[in-house]
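None of the figures in this text is laboratory data; all of them are computed from the coordinates on show. On a predicted model such as this, the values are computed, not experimentally measured, just so you know. Glycine also receives a Cβ, built like all others from the backbone with ideal geometry; neighbour counts cover every protein chain displayed.
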Amino acid sequence: MDISNYIDYTLLKPSTTEREIIDLCNDAIENSFYSVCISSCYVSLAKQLLKGSNVKVVTIAGFPLGSMSTASKVFEAENGIKDGADEIDMVINLGYLKSRNFVSVLKDISDVKLAIGKTPLKVIIEISELNKNEIIKASEICLDAKADLIKTSTGFSKSGATLAAVKIIKKTVRDKARIQASGGIVDFDTALKYIDAGADRIGASTLIKNKNNKRQIRNTKVYKAYIETISHKGTVKKDISLKKNKN
């Protein structure tokens, strides 16, 4: 099975450099991944690097805690789209959920969805903080709020995805929303198990390749090309090609 188009290739560590974003985008193109998931400060750069490819750009809102105001999440989401993001990942407000303040949880998600319109919205419910009933309730609220995907984890909590949680979410939402399993998925066989369990996307910060694929040669001159096209204001002046150097 070719799982390339399931992969949401993720790099969200706080120390991420421009060089790492360039490598991430290069790997995503070489392996035909569905998307890259990055912090909003690098959306413009990633969009430029991925120009001409089918790889989408995903960025975050309310990450990783989810406890900031709804207005803050809306601003982050709108700004991410303005910079070129194709999808938004927002984190659910766990405090509201644990308080059983379900109306506020719903409003938090709904306001972001209304703000971004047709742009796909993923809601990260952080399953490691929830029991089974809370996973079900969070999933139901995501459906009511018109979220497009439900994502298991930020990768910043106690643990990542579990097959049990994916199956619970799938049983709850059926085909009314898609599911992304994220956190702790580092190889092809594990990714395949999650897909078999009902996941439509796989979030991975490790380079997961289809079995028997040969690694393609990375373009080592991309970073130099990027630096040469940066103006004094730090904006990209011209397109950057990630195609393999023919020379």
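Cross-link pairs exceeding 27 Å in C-alpha to C-alpha distance, out of K13/K56; K122/K167; K56/K193; K13/K209; K47/K171; K132/K193, comprise K47/K171.
Each residue of the stretch 16-32 was assigned a 3J(HN,Hα) from its phi angle through the Karplus curve 6.51 cos²θ - 1.76 cosθ + 1.60 (θ = phi - 60°); the sequence is 4, 9, 4, 4, 5, 5, 4, 5, 4, 5, 4, 4, 4, 5, 4, 9, 6 Hz, with glycine and proline shown as x. Taking amide hydrogens as placed 1.01 Å from N in the peptide plane, the amide H of G203 sits under 5 Å from those of D8, A181, S182, G183, each at least 5 positions away in sequence or on another chain. Across the stretch 4-210, the mean sequence separation of Cα contacts (distance under 8 Å, 6 or more residues apart), normalised by length, yields a relative contact order of 17 percent. Remark: T206, T119, T152 ranked as T206, T119, T152, counting other beta-carbon atoms within 10 Å and listing the fewest first.
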